[in-house]
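Have a look at the structure below before the remarks.
The values are calculated or read from the model by the stated rules, or taken from the named source; none is laboratory data. What you are looking at is a predicted structure, and each value in this text was computed from that prediction instead of being measured. We place every Cβ from the backbone using ideal geometry, glycine too, and count neighbours over all the protein chains shown. These accessible areas exclude ligands, DNA and RNA; they are computed on the full protein's heavy atoms, side chains included. Shrake-Rupley method; radii C 1.70, N 1.55, O 1.52, S 1.80 Å.
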Amino acid sequence: MSNYSRERFDVLVVGGGPAGIAAAVRAAEGGARVGIVDENMALGGQIWRGPWDGSHSSEASSWLVQLKKASVILLCGKRVFHHPEAGVLMAEGLDDVWELSYRHLVLATGARERFLPFPGWTLPNVMGAGGLQALVKSGLPIRGKRVVVAGTGPLLLAVASYLRKQGAEILLICEQASLRKLARFAMMMIGHPGKIRQGLQLRKDIAGIPLATSSWPVAAHGQQTLQSVTISRAGKSETVKCDYLACGYHLVPNTELPILLGCRTRNGYVQVNDFQQTTVEGILCAGEPTGIGGVDSALIEGQIAGLAATGHASDARPIFPERERCRRFARLLDETFCLRSELRSLPSADTLICRCEDVPYSRLREHTSWRAAKLHTRCGMGPCQGRICGPATQFLFKWNPDSVRPPVFPARVEHLAAQPQSIPEVTGELQ
Ligand SMILES: Cc1cc2nc3c(=O)[nH]c(=O)nc-3n(C[C@H](O)[C@H](O)[C@H](O)COP(=O)(O)OP(=O)(O)OC[C@H]3O[C@@H](n4cnc5c(N)ncnc54)[C@H](O)[C@@H]3O)c2cc1C
C-alpha cells in the first residue's frame with residue numbers, strides 16, 4: 001500500500017529544468033511557499049541532468065545555490081499524472097502518491113526529441129541523440145564505440161561533442177537541413193553573441209568529424225543489434241559500419257499536461273501573455289513548451305513566470321528585451337531545422353510507427369486521422385501514449401493528435417483510485 005501525502009503551495013512548479021528552477025527561485029525570493037515536482041531523481045532537466053557532483057557549469061551551479069538559499073521544497077522522483085480538480089495535481093513516486101494543491105502553477109515541462117521512423121529504427125543501439133547522451137551521463141560505457149549522429153538541430157553537435165569527450169569515435173554527423181539553410185542560420189547569429197561563442201566552442205570540439213548536410217539515415221541494419229546504417233548523403237547512398245546510431249529530429253514541446261489543464265496552444269506551443277500567463281487563470285508556463293529556444297530562453301521565461309506568480313510582475317519588465325531576443329532565436333531554429341518533405345518517404349510498409357503497440361506504416365496509411373488510426377489500430381495507446389508516434393504521424397500524414405486525457409502518464413491503478421482529500425480553502429494574500 002502506497003503512502004498518501006499532501007502538500008500545499010503558494011506556487012507549485014512542475015519541472016525541475018532551467019525554466020522550473022528559475023521560476024521557483026524568483027517566486028520563493030518573494031516570500032511564497034514554493035515547491036518543485038520533477039519525475040527525475042535529481043533536478044536539472046535535460047541540459048543540467050544530475051547528479052550534482054561538481055561537474056556542472058558555473059551557471060548551473062549558481063542557480064542551484066540560489067535554489068538552496070530560497071528554501072524551495074523539492075519533490076524529486078515524482079511524476080505528475082493527473083489533475084482531479086481545480087488547484088490540485090496528483091503525482092506518484094515509486095511507492096507514494098502525492099496530492100499537491102496550489103494557488104499558482106508554473107508549468108515548465110520541457111521538451112523531448114522527435115523521432116522519425118525508418119527501416120531498422122527499432123534495432124537495439126539505434127537511439128535518440130539526447131537519449132544516448134543521457135544514458136552515457138548515467139554510466140553507459142561509450143569509450144571506443146563507433147557512433148553516427150544524425151537527424152536535425154543543434155542538439156546533434158552538442159551530443160557529438162559530449163560523446164567524443166567521453167571517448168566515443170564519432171564517424172559522421174548527418175544533418176538533414178541544407179548547407180544553404182545552415183549558412184543563413186550562421187549569418188543570423190550576429191544578433192546573438194552568446195550563441196556565437198557556444199557555436200565556436202562546439203566547432204572546436206567536433207573538429208575533424210565529417211558533417212554531412214542534406215543527409216539522413218534511410219535504414220539501420222543488424223541481426224540482434226545495430227551493425228551498420230545506410231545514409232542518404234546529398235542524394236547518394238552510403239553504408240557506414242557503427243556500434244550506435246544517435247538520431248533525433250529536433251525537439252517537440254511537452255504540452256500534454258498544459259493541454260489537460262485547459263491551456264490553449266497555438267502552432268503546437270502553449271499560448272502565453274507577456275507575463276507567461278496561459279489562457280487559464282493562475283497557470284503560467286515557461287521554457288520549451290512555449291517555444292523551443294534553449295536554456296537561455298528557459299531561464300528568462302522561468303524568472304518572468306516566478307515573478308508574475310507572486311505579484312511582482314512589474315519587476316520582470318527589464319528582462320522582456322532579452323526574452324524577445326530568445327524568441328527570435330527560437331523562430332530561427334524552427335525555420336532552419338524544419339523537416340524536409342523527403343523524410344516522409346522513409347518508412348517502408350512494414351516499418352513500425354507505433355512501437356508500443358506494434359503498428360506498421362501499412363496499417364496507418366489506410367486511415368485519414370489520428371483518431372481513426374487510434375480506434376482501428378491502437379496507435380498511440382501504449383505506454384508512451386503517443387509521445388513518440390504522435391509527432392511522427394503528425395509529420396508523416398499531417399494528422400493532428402486530438403484531446404489529451406488523464407492520466408497524462410501511465411500510473412498505478414491504486415494511485416489512480418486515490419481521491420483528493422478535502423483541503424480547507426486557503427484565504428488571505430500571498431506573503
Ligand atoms: C533529450 C534532450 C537532451 C538535451 N540535451 C541538451 C544539451 O546537451 N545541450 C543543450 O544546450 N540543450 C539540450 N537540450 C535542450 C534543453 O532541453 C533545453 O535547452 C533546456 O533544458 C530547456 O529547459 P526547460 O526547463 O524548459 O526543460 P527541461 O530541461 O526539459 O526540464 C523539464 C523537466 O520537467 C520534468 N517533467 C515534465 N513533465 C513532468 C511531469 N508530468 N511530472 C514531473 N516532472 C515532469 C522533466 O522530467 C524535466 O526534468 C536537450 C533536450 C532534450 C529533450
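Exactly one condition in (1) at pLDDT below 95; (2) open to solvent by less than 30 Å² (accessible area, probe 1.4 Å); (3) not in a loop (DSSP other than H, G, I, E, B) is false for Tyr4; which is it?
(2)
Considering only region 47-57, I want to know if a residue exists there that is among the aromatic types (Phe, Trp, Tyr), open to solvent by 20 Å² or more (accessible area, probe 1.4 Å) and away from the ligand (no atom under 14 Å from the Cβ). Outline the logic, then answer.
Of the residues in region 47-57, the ones among the aromatic types (Phe, Trp, Tyr) are 48, 52.
Now narrow it down to the ones that are open to solvent by 20 Å² or more (accessible area, probe 1.4 Å): 52.
With away from the ligand (no atom under 14 Å from the Cβ) added as a condition, the list becomes none.
Among the residues of region 47-57, not one is among the aromatic types (Phe, Trp, Tyr), open to solvent by 20 Å² or more (accessible area, probe 1.4 Å) and away from the ligand (no atom under 14 Å from the Cβ), which makes the answer no.
In region 91-114, what count of residues is obtained for those that are buried (at least 24 other Cβ atoms within 10 Å of the Cβ), more than 10 Å from the ligand (Cβ to nearest atom) and under 18 Å from Pro407 (Cβ atoms)?
Qualifying residue count for the region: 1.
Return yes or no: is Leu202 at pLDDT 95 or above and either open to solvent by less than 40 Å² (accessible area, probe 1.4 Å) or outside any strand (DSSP E or B) (or both)? Walk me through it before giving the result.
Details: at pLDDT 95 or above: no; either open to solvent by less than 40 Å² (accessible area, probe 1.4 Å) or outside any strand (DSSP E or B) (or both): yes.
No: the conditions fail for Leu202.
Is it the case that region 205-227 has a residue that's over 30 Å from Asp38 (Cα atoms) and within 16 Å of the ligand (Cβ to nearest atom)?
Quick first cut of region 205-227, residues over 30 Å from Asp38 (Cα atoms) only: 205-227.
Of the ones still in play, those that are also within 16 Å of the ligand (Cβ to nearest atom) are 205-206.
So far as region 205-227 goes, yes, one or more of its residues are over 30 Å from Asp38 (Cα atoms) and within 16 Å of the ligand (Cβ to nearest atom).
Check whether at least one residue in region 103-116 is polar (S, T, N, Q), closer than 18 Å to Lys241 by Cα and touching a residue at least 60 places away in the same chain (Cβ under 8 Å), and report yes or no.
Among the residues of region 103-116, not one is polar (S, T, N, Q), closer than 18 Å to Lys241 by Cα and touching a residue at least 60 places away in the same chain (Cβ under 8 Å), which makes the answer no.
When only residues in region 130-153 that are open to solvent by 60 Å² or more (accessible area, probe 1.4 Å) and in a loop (DSSP other than H, G, I, E, B) count, which is nearest to the ligand (Cβ to nearest atom)?
Ser138
Take region 20-42 and flag every residue that is within 13 Å of the ligand (Cβ to nearest atom), open to solvent by 10 Å² or more (accessible area, probe 1.4 Å), not polar (S, T, N, Q) and not in a strand (DSSP E or B).
So the first thing to find is which residues in region 20-42 are within 13 Å of the ligand (Cβ to nearest atom), and the list is 20-25, 35-42.
Subsequent filtering for residues that are open to solvent by 10 Å² or more (accessible area, probe 1.4 Å) retains 38-42.
If we keep only those that are not polar (S, T, N, Q) as well, we get 38-39, 41-42.
Once the filter is applied, which keeps residues that are within 13 Å of the ligand (Cβ to nearest atom), open to solvent by 10 Å² or more (accessible area, probe 1.4 Å), not polar (S, T, N, Q) and not in a strand (DSSP E or B), region 20-42 yields Glu39, Met41, Ala42.
Quick check: is even one residue across region 245-259 assigned to a loop (DSSP other than H, G, I, E, B), farther than 30 Å from Leu105 by Cα and either of a type outside the set (D, E, K, R) or within 16 Å of the ligand (Cβ to nearest atom) (or both)? Lay out the reasoning, then the answer.
Here is the first cut: in region 245-259, the residues assigned to a loop (DSSP other than H, G, I, E, B) are 250, 254-255.
Those left that are additionally farther than 30 Å from Leu105 by Cα: none.
No, the conditions are met nowhere in region 245-259.
Quick check on region 282-301. Is at least one of its residues among the polar types (S, T, N, Q) and surrounded by fewer than 24 Cβ atoms within 10 Å (Cβ to Cβ)?
To start, the set of residues in region 282-301 that are among the polar types (S, T, N, Q) comprises 290, 297.
Keeping just the survivors that are surrounded by fewer than 24 Cβ atoms within 10 Å (Cβ to Cβ) gives none.
No, region 282-301 contains no residue that is among the polar types (S, T, N, Q) and surrounded by fewer than 24 Cβ atoms within 10 Å (Cβ to Cβ).
Of everything in region 63-82 that's near the ligand (Cβ under 10 Å from one of its atoms) and touching a residue at least 40 places away in the same chain (Cβ under 8 Å), which residue is farthest from Ala42 (Cα to Cα)? Please lay out each step first, then the result.
First, the residues of region 63-82 that are near the ligand (Cβ under 10 Å from one of its atoms): 75-82.
Retained after the next criterion (residues that are touching a residue at least 40 places away in the same chain (Cβ under 8 Å)): 75-76, 78-82.
On the way: Leu75: 9, Cys76: 6, Lys78: 11, Arg79: 13, Val80: 16, Phe81: 19, His82: 22 Å.
So the residue we want is His82.
When only residues in region 353-386 that are among the basic types (Lys, Arg) and touching a Gly at 6+ places or on another chain (Cβ under 9 Å) count, which is surrounded by the most Cβ atoms within 10 Å (Cβ to Cβ)? Steps first, please.
Kept after step one, since they are among the basic types (Lys, Arg), are these residues of region 353-386: 355, 363, 365, 371, 374, 378.
Still in the running and touching a Gly at 6+ places or on another chain (Cβ under 9 Å): 355, 374.
Working: Arg355: 17, Lys374: 23.
The residue in question is Lys374.
Could you name every one of the helices (runs of 4 or more DSSP H) located completely within region 357-418 that has at least 3 residues being small (Gly, Ala, Ser)?
Details: elements: 361-364, 370-377, 389-397, 413-417.
Ranges flagged: none.
Kindly list the number of the only condition in (1) among the hydrophobic types (A, V, I, L, M, F, W, C); (2) in contact with a strand residue (DSSP E or B) (Cβ under 8 Å, 6 or more places away or on another chain); (3) assigned to a loop (DSSP other than H, G, I, E, B); (4) open to solvent by 30 Å² or more (accessible area, probe 1.4 Å) that fails for Cys263.
So Cys263 meets the others, but not (4).
Within region 181-203, count every residue that is of a type outside the set (Gly, Ala, Ser) and either within 16 Å of the ligand (Cβ to nearest atom) or in contact with a His (Cβ under 6 Å, 6 or more places away or on another chain) (or both). First the steps, then the outcome.
Taking region 181-203 as the starting set, the residues that turn out to be of a type outside the set (Gly, Ala, Ser) are 181-182, 184-185, 187-190, 192-193, 195-198, 200-203.
So of that shortlist, the ones also either within 16 Å of the ligand (Cβ to nearest atom) or in contact with a His (Cβ under 6 Å, 6 or more places away or on another chain) (or both) come out as 185, 189, 192, 195-198, 200-203.
Number satisfying all stated conditions: 11.
Identify, by number, the condition in (1) within 22 Å of the chain's Cα centre (by Cα); (2) at pLDDT 95 or above; (3) open to solvent by 50 Å² or more (accessible area, probe 1.4 Å) that Val80 doesn't meet.
(3)
If a residue has to be open to solvent by 10 Å² or more (accessible area, probe 1.4 Å) and within 16 Å of the ligand (Cβ to nearest atom) to count, how many in region 387-417 make the cut?
12
In the set Arg340, Arg355, Arg323, which member is among the basic types (Lys, Arg), at pLDDT 95 or above and farther than 23 Å from Cys389 by Cα? Working first, answer last.
Numbers: Arg340 fails: farther than 23 Å from Cys389 by Cα; Arg355 fails: farther than 23 Å from Cys389 by Cα.
Just a single option satisfies the conditions, and that option is Arg323.
Just to confirm my filter: which strands (runs of 3 or more DSSP E) fall fully inside region 50-100 and include at least 2 residues that are within 17 Å of Pro18 (Cβ to Cβ)? Step through it out loud before you land on a result.
On the way: elements: 73-76, 79-85, 88-92.
Strands (runs of 3 or more DSSP E) meeting the threshold: 73-76.
May I ask you to verify whether Val11 is closer than 17 Å to Ala286 by Cα and away from the ligand (no atom under 11 Å from the Cβ)?
Numbers: closer than 17 Å to Ala286 by Cα: yes; away from the ligand (no atom under 11 Å from the Cβ): yes.
Taking the combined requirement at face value, the residue satisfies it.
Among the residues of region 227-237, is there at least one that is farther than 18 Å from Val126 by Cβ, open to solvent by 20 Å² or more (accessible area, probe 1.4 Å) and not in a strand (DSSP E or B)?
yes
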